[in-house]
Amino acid sequence: MCGIVGHLGPQNSVELVLEGLQRLEYRGYDSAGVSFIDDQGNLQNFKKSGKLENLKAHLGAGPFVARSCIGHTRWATHGEVNDTNSHPHSNELLSMVHNGIIENAPTLKNELQAEGFEFKSQTDTEVFLGLMTVNLKKGLNFKQAIVESFKKVEGNSAFVLLDPVTTDIYAIKRCAPLVCGINAVQSEVFASSDPYALAGLVDKLYFPEDEVICHLSSGNKNLLNFYDLNLEKTKKYKSKNQDLSASVSEKGDYDHFMHKEIHEQPELIRSLTHYYFAGEGVPSLEKAISKKPENIHLVACGTAFYAGLVIKDHIEKLNRIRCYAELGSEFRYKDPILEKNDLGLFISQSGETADTLAAQSLCKTNGLSTMSIVNVEGSTLFRDCDDNLLIRAGIEVGVASTKAFTQQVLTGMIYSAALNGILENGEKKKDMAAKFSLLAERVDKILAEEKIIEDVAKEIHIHKGYFYTGRGIYFPIALEGALKLKEIAYVHAEGYASGELKHGPIALIDDSMVNVALVGPELYDKTISNIQEIKARKGIIVTIGPRGDEHLKEISDYYIELDFDGLDELSPIYVNVVNQLLAYYIARCKGTDIDKPRNLAKSVTVE
Ligand code: F6R
């Protein structure tokens with residue numbers, strides 16, 4: 001979703017902000033803009049709908065040299081995609097960018113119009129510009145104006161503002177991602193919505209709490225100061241050394257980040273195995289299992305939710321603890337039954353998904369202990385939960401989540417096994433680690449043979465619709481496979497439990513429909529009968545099934561063979577890698593923008 005980058009310091013701010021925005025392209029956006037103070041001391045504002053390239057063309061020959069700049073990539077929520085609605089919004093008193101939603105914007109807009117403020121855009125953001133303008137005109141200084149304006153807005157937002165008089169930058173947020181960073185050697189200071197934008201540019205990161213004003217200042221020996229809403233200095237922030245290298249933003253030999261990230265999976269599985277199994281124990285895991293919950297409310301969105309379904313199955317089978325898997329967007333509105341000995345377990349790659357965060361907050365308010373299975377250390381979810389298990393997937397740039405799914409499922413299974421005491425039993429722990437290593441080997445092998453999957457994709461990409469079917473532990477994988485295909489190939493795809501097709505969806509089957517049938521060792525015979533039902537109606541069958549299964553091969557139009565032996569409960573992850581590759585190659589055939597699919601955002605920070 002929207003991305004923010006601000007910079008203040010001796011190097012050229014415009015270039016650094018554009019570089020940061022480029023790194024945030026993966027989050028999804030539809031327009032971009034920058035505001036800066038040029039070398040004549042004038043406030044300049046450039047914004048353009050479409051890709052960053054449009055903005056760069058609009059900036060023209062340049063080069064613009066500035067020591068203070070804020071920039072934004074917008075993912076439209078209020079108001080159509082056009083230049084006027086793009087950020088920054090500015091006038092002679094300030095320039096500003098915004099992530100999130102101002103929920104009481106209509107009321108505030110009426111009040112501001114009554115005070116004579118004229119709106120140019122259809123955005124909720126401009127309401128904050130209006131509030132700031134009115135407060136500055138009343139004679140408040142910049143910080144005071146931020147306090148008064150911020151107190152009036154409702155909803156989750158982050159604001160970054162540029163003061164043209166001092167050239168200083170200010171940032172403040174409520175339940176929205178915001179990070180500041182300092183490069184002490186170069187005397188430079190940054191603000192952003194995503195630490196990834198600052199990789200390689202700063203050595204220290206600062207995560208402010210809600211309602212903390214971050215003041216990025218050039219005229220002060222402290223480049224960065226924090227104030228509360230009484231304008232007293234505050235320590236309400238967390239800091240950490242910045243350890244991301246700039247190279248994480250490169251695709252290497254791959255055409256797409258998605259493809260690179262699919263290929264990273266074997267190494268990531270190995271490193272996760274080493275992290276959780278090699279030593280004497282991982283303190284975060286030990287702390288997480290110190291209390292045995294009565295029930296678990298497992299909440300997540302999209303791909304993370306499907307990972308949650310696999311984890312639910314594992315926890316229930318192994319620990320006989322009742323586990324409810326819930327969608328983040330539904331959970332908070334369904335008046336869930338929450339008991340104080342229950343655990344709220346939240347799964348997220350970004351740790352910034354608004355619906356997941358709201359569910360976490362609801363659980364916390366109801367006195368539940370909360371835990372995350374999360375990728376981004378230091379994210380809001382990570383900071384708000386009592387316990388956190390990191391999935392250690394590294395940065396995931398491709399909008400379609402791949403490696404995060406694999407790592408989420410495995411981390412959830414590790415938690416489940418630890419709850420059961422398996423990690424305290426030397427032999428069992430060794431067996432589990434060996435199974436993880438076997439999975440890494442099998443994934444390596446399928447990646448080496450990906451041409452087989454590419455060839456199937458070339459044959460089937462012309463079809464109008466796709467049913468992914470699976471039973472038992474493969475059912476969530478059918479859901480995830482269909483999601484992957486529709487988001488990057490823009491074709492209709494649905495995941496179904498194989499046995500459900502005949503209760504309605506089978507009406508759609510004809511010779512233009514593809515059934516991607518997932519057939520592992522579990523519920524093998526039942527799944528085969530379901531394939532026969534589709535075959536009888538002339539559906540095209542792509543089976544992902546056991547190696548050497550002649551019968552299955554015979555009834556399938558295309559057959560992708562896998563070696564399931566020894567993988568047991570890990571086999572869904574293995575099948576899922578095939579689905580990832582199939583979606584990737586179908587999308588390639590269709591020529592879509594795989595890493596930045598239309599309408600999608602990497603981190604969904606609005607409700
Ligand atoms: C699909 C995808 C999304 C995310 C969902 C949750 O490929 O990436 O469905 O899984 O938006 O995001 P996180 O995991 O960041 O909470």
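No lab work stands behind these numbers, since they all come straight from the coordinates. Keep in mind it's a predicted model, so treat the numbers as computed, not measured. We place every Cβ from the backbone using ideal geometry, glycine too, and count neighbours over all the protein chains shown.
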Computed helical MRE - 222 nm, the chain, DSSP H runs ≥ 4 contributing -39500 (n - 2.57), nearest 500: -11500 deg cm²/dmol
How much net charge surrounds F46 when only the other residues with a Cβ under 12 Å from the Cβ of F46 are counted, with Lys and Arg +1 and Asp and Glu -1? +1
Please compute the length gained on full extension between L318 and S512, using 0.36 nm multiplied by the number of residues separating them and subtracting their Cα-Cα distance. 65.7 nm
Can you give the FRET efficiency to the nearest 0.05 for D386 and K137, using r as the Cβ-Cβ distance and R₀ = 35 Å? 0.15
Please rank L161, L362, fewest neighbouring Cβ atoms within 10 Å first, as an exposure proxy. L362, L161
Count the DSSP beta bridges whose two residues both fall in the chain, then state the antiparallel fraction as a percent rounded to the nearest 5. 60 percent
Using the crude model of +1 on Lys and Arg Cβ and -1 on Asp and Glu Cβ, and no other charge, please compute the dipole size for the chain relative to its Cα centre, in debye to 20. 720 debye
Please list, by residue number, everything in the range 97-140 whose backbone N is under 19 Å from a paramagnetic label point 7 Å out along Cα→Cβ of T166. 97, 129, 132-140
Förster-model FRET efficiency, 22 Å R0, S290 and N366, C-beta, rounded to 0.05: 0.60
For the range 451-590, what does the alpha-carbon gyration tensor say about shape, rounded, prolate or oblate, given a ≥ b ≥ c as the root eigenvalues, a/c under 1.5 as rounded, and a/b over b/c as prolate? rounded
Surpassing 31 Å at the alpha-carbon level, of the pairs K334/K486; K251/K429; K240/K590; K451/K538, are K251/K429; K240/K590
Distance between modelled label sites at I555 and D444, nm, 7 Å Cα→Cβ extension: 3.5 nm
In nm, spacing of pseudo-spin labels at H78 and A278 (7 Å Cα→C-beta vector): 5.0 nm
Assertion target for K484, K151, K435, ordered by fewest C-beta neighbours within 10 angstrom first, is K151, K435, K484
What size of dipole, in debye to the nearest 20, comes out for the range 251-438 about its Cα centre when the only charges are +1 on Lys and Arg C-beta atoms and -1 on Asp and Glu C-beta atoms? 380 debye
Within straight-line cross-link reach of K109, lysines at Cα separation under 19 Å, skipping those fewer than 8 residues along the same chain: K120, K137, K138, K151, K152
Once both label points are put 7 Å beyond Cα along the C-beta direction, the K590-F119 separation in nm becomes 3.6 nm
Calculate, axis by axis, the spread of Cα positions in the chain along the three principal axes, and write the results as whole Å, longest axis first. 80, 52, 46
Give me the lysines in straight-line cross-link reach of K428: C-alpha distance below 27 Å, same-chain residues under 8 apart excluded. K287, K291, K292, K312, K317, K403, K445
If the chain between D563 and A57 were fully extended at 0.36 nm per residue, the gain over the current Cα-Cα distance would be 177.0 nm
Extension gain (nm, one decimal) between E500 and K233, 0.36 nm per residue minus Cα-Cα: 90.1 nm
Fewest-first sequence of I528, I586 by Cβ atoms within 10 Å of each Cβ: I528, I586
Kirkwood hydrodynamic radius over Cα pairs of the range 3-248, then Stokes diffusion coefficient at 20 °C and 1.002 mPa s, in µm²/s: 121 µm²/s
